[in-house]
Amino acid sequence: MFENRRLLRVLRRTVVQAVPTVLGIVVLNFLLLKLAPGDAADVMAGEFGTATEETMAMLRRQFGLDLPLLQQLLAYLGNLVQFSLGFSPRYGMPVSELIGQRLPSTLMLMGLALAIAVVVGIALGTTMAMTAGRWTDRVLSVVSLLFYSVPGFWIGLMLIVLFSVKLGWLPSGGQETIGAGLTGLDAVADRLKHMILPATSLALFYVAIYGRLTRAAVLEVASQDYVRTAAAKGLAPLTVTLRHVLRNALLPVTTLAGIHFGGILGGAVVVETVYSWPGLGRLAFESVMRRDFNVLLGVLLLSSFLVIIANTLIDLLHAWLDPRIEVR
Amino acid sequence: MIVLSKPSPYLMVALGPSESPIVPKHLYDGVDVAAPPGPPLHIGTGPFILKEWVRGSHAVLERNPNYWDKPKPYLDRVIIRFMPDAAARAAAFEAGDLDLGGSAPVPLSDLARYKDHPKLAVDTRSFAYTGAQHQIFFNLDTPVLKNKKVREAIAHSLDLDAIVETVFYGQAKVSPSPVSVALTPWYDPAVQARKFDPALANKLLDEAGQPRGANGMRFPVRLLINPFIDGRLAEFVRQSLRRVGIDATTQNLEFGAYVKNVYTDRSFDLTIESLTNVFDPTVGVQRGYWSKNFRIGLPFSNSANYSNPEVDRLLEAAAIEIDPAKRKTMFSQFQRIVHEDIPSVDLISPLEIIIANKRIRNYAPGAEGLGANFADVHFVD
């Protein structure tokens, strides 16, 4: 009962705060994007190369770029009020459909990558802290530093070279075997096979972050009095580590993972590019290049929703991990 | 039936399928092209039917059983994959996931590795339908560049053979005339590149009243490059210019910003452009040199703001001349005048690079390269 009321209060607060936040994000994004030099007509005319002034004027009229700035903004907001993200002239389809096509695969890929990162990162960090100063810790520290500093595209390419080119175990890119017409479990397995390499390349960077963070937090918590008490009570070392140390050490990791989760819809342009993965990151990036701002605004808007949702979830998670934290 | 107000000598060539696909009259008749576009229609007369198109990932084309030219097409299915990263494409080729790729499918630095590949062949050619051409346009509104000696000096400061060998790994041809060497019917071989001669360039710049200052530099210029061209070309040109005392600064802009900078703001002094000649000089070359096509805000127009009445006259006459011999003479004259006036320094024509499975035949049967319709493509054992 009490829990439910608390939950309701959190949700109400989130909704009340989300509306002005989202409105601010839309207006700010819109204005920032308009500052970019050149518009969609410039890019399109540039790409076909033999445009005339008439065709450019026609393009601008079609895209609504000939209207004053304020009117363009109002038109966009008007669309949003009707739950429409507008139309992408570049792709010739509604933005919501375009994003909808890519949303599931992006969520799956990024979700898997973050899950791997959190699990492996925490395990790695705890191991490092438990063996602090010894060679296991040293080796793992060097490895995580390596993951952290090596650029994602390079790791991605090297994984492709090893597992696709040399060993031939995994596909080199894409999100499914095209035209294989797989169904049911075969299709799921096929998708998973295509996700292993990109998810791993994405995860390695976060593994390093979470590993380092967990190590530091665990070391700090391990020196607390109540940990000594727990050990003195005769609890098994593993129980002490998991129940007394790790639970308290998780707060910074979950905070950071929450921030990363919020950015999930932004995708990972580099990894998506290297693995030819049709994700939202690439869609957003290509929209910037093509000045296809309806699409970009749509992606940014969804991302901001996700950030708000992720923050709320993390608040709730914190309250559960550490009951002393009051959810305001 | 097309009724023309004037003869149009290039029209026949323009009717190739990659440039002018056949579209269904019953769907397009009476459609207002200026209206906001609806969902795209992909209905044509080609050998394949679009089965599936996942944007950003792939398109699947299935054999058209009703194709007019039986028993073609030979392939049951063509899968087109969209892979934005050249290194990833190289890996996919090596993993055996790809059979065919065009437009420099792998990084140029990787090409050598494919020479002795057991399954893949590298095919480098020029295709007359593309007329690839890279050139430097001068902004003739920049005071210092109004002096022809300065432009001549810049032309003498560039080693075109070295550009071909270093920047393009040998996968280009020196193309010194405004009409690309790839357009064999129209290129005039009498137009030759100015000799690479830094000493002469220095002398010309001194004569032009641009002595070296205290820091060894004569004057600054802003050098831009079309982002679809390998950025190392800008680096090469920048260093060549600095060697003769021209303080060039490069700016790497993405495409939208580049187009705006050059064609709307005109905030550049030199730009390395890729004014492709397409299949005919009237279509592809005229836009860059015709004074009536100096249009602020129009991409790939006359960026130099070059104006020569005789050039205008030749271009306009050649556009409606149906006698190929006379037309060739006009374009030759045009090329010689432009070469003399130096509104641009024409550099090279990059070769089309195709990587293909050794078992594939007829993937590029004509001048369109991979742009042809694939009806003849087949595998052999």
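Readers should treat all values here as calculations from the given coordinates under stated rules, not as data from a laboratory. Please read these numbers as outputs of a predicted model, since none were measured by experiment. Ideal geometry is used to build each Cβ from the backbone, glycine not excepted, and the neighbour counts take in all protein chains shown.
What to note about this one:
- Area projected by the alpha carbon convex hull of the stretch A:102-321, averaged over all directions, nm²: 15.0
- Value of relative contact order over chain A, rounded to a whole percent, pairs C-alpha under 8 Å and six or more apart: 25
- GNM on chain A, alpha-carbon springs under 10 angstrom: the most fluctuating residue among A:Gly211, A:Gly281, A:Gly86 is A:Gly86.
- At most 13 other Cβ within 10 Å, DSSP loop - trypsin sites (Lys or Arg not before Pro), the stretch B:50-154: B:Lys115, B:Lys119
- Taking one quarter of the surface of the C-alpha convex hull of chain B gives a mean projected area of 21.9 nm².
- Degrees between helix B:198-207 axis and first principal axis of chain B (Cα, 0 to 90, nearest 10): 50
- Folded to 0 to 90 degrees: helix A:69-81 orientation relative to chain A principal axis, Cα: 60
- Rg/Rh, computed from the Cα trace of the stretch B:1-119 with Rh as the Kirkwood radius, has the value 1.06.
- Among A:Trp135, A:Trp277, sorting on how many other beta-carbon atoms sit within 10 Å of each Cβ, with the fewest leading, yields A:Trp135, A:Trp277.
- Qualifying lysines (Cα of each under 21 Å from Cα of B:Lys173; at least 8 residues distant if same chain): B:Lys115, B:Lys195
- Kirkwood-based Rg to Rh ratio, the protein assembly as shown, C-alpha trace: 1.03
- Rounded, prolate or oblate (a/c below 1.5 giving rounded, otherwise prolate when a/b exceeds b/c) for the stretch B:304-357 by Cα gyration tensor: oblate
- Shielding of A:247-253 by partner chains, average beta-carbon count, 10 Å: 0
- Sorted fewest first by neighbouring Cβ atoms within 10 angstrom, A:Leu67, B:Leu275 come out as A:Leu67, B:Leu275.
- Restraint check, B:Lys25/B:Lys72; A:Lys34/B:Lys260; B:Lys149/B:Lys292, Cα-Cα greater than 18 Å: B:Lys25/B:Lys72; B:Lys149/B:Lys292
- Loop trypsin sites (Lys or Arg not before Pro), the stretch A:118-224 (other Cβ atoms within 10 Å of the site Cβ: 14 or fewer; DSSP): A:Arg134
- Chymotrypsin sites (Phe, Trp or Tyr not before Pro) restricted to the stretch A:1-84 and DSSP loop, no more than 10 other C-beta within 10 Å: A:Phe83
- Against chain A, whose longest principal axis comes from its Cα atoms, helix A:2-34 is set at around 40 degrees.
- Each label point was placed 7 Å from the Cα along the Cα-to-Cβ direction; for A:Glu53 and A:Thr239 their separation is 8.5 nm.
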